[in-house]
Amino acid sequence: MCVTSNEILSPIKTARRDKILDAAQRLFSQQGYRSTTMEGIASAVGMSKATVYSYFSDKDAVFVAA
């Protein structure tokens with residue numbers, strides 16, 4: 001289950017989400033939307049893809065949030 005925008009996150013989950021978004025923004029800027037993958041984002045933050053998917057449903061959701 002992914003985190004919804006209405007859900008209140010704990011400080012740890014908020015920090016993880018922010019870390020994902022920071023890395024995603026950097027990757028989207030450097031590589032462009034098409035070349036950026038969920039696997040690449042996960043790798044950049046040292047998390048599994050499953051963890052990233054628990055925060056965002058897909059790459060589009062990450063892009064919109066970033």
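The values are calculated or read from the model by the stated rules, or taken from the named source; none is laboratory data. In this text, all values refer to a predicted model and were calculated from it rather than measured experimentally. Neighbour counts run over all protein chains shown; Cβ positions are idealised from the backbone, glycine included. Accessible surface areas use protein heavy atoms only, side chains included; no ligands, DNA or RNA. Shrake-Rupley method; radii C 1.70, N 1.55, O 1.52, S 1.80 Å.
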Whole number please: convex hull volume per residue, Cα atoms of the chain, in Å³.
71 Å³
Per-residue HN-Hα couplings for the stretch 44-59, Karplus 6.51 cos²θ - 1.76 cosθ + 1.60 at θ = phi - 60°, whole Hz, x for Gly and Pro?
5, 9, x, 10, 7, 4, 4, 5, 4, 5, 6, 9, 9, 5, 6, 4
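Can you give the relative contact order of the stretch 14-57 as a percent, counting alpha carbon pairs under 8 Å and 6+ residues apart?
That works out to 36 percent.
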Please name which of I20, S54, L9 has its Cα lying farthest along the dipole of the chain towards the positive end, using unit charges on Cβ (Lys, Arg +1; Asp, Glu -1) and the Cα centre as origin.
I20
Please give the helix 11-31 orientation as an angle from the longest Cα principal axis of the chain, in degrees from 0 to 90, rounded to the nearest 10.
10 degrees
Between T37 and E7, what is the label-point separation in nm under the 7 Å Cα-to-beta-carbon projection?
2.5 nm
Whole number in Å², please: accessible area per residue of the chain, 1.4 Å probe, ligands, DNA and RNA not counted.
65 Å²
Leaving ligands, DNA and RNA out of it, report the carbon-plus-sulfur percent of the accessible area of the chain at a 1.4 Å probe.
51 percent
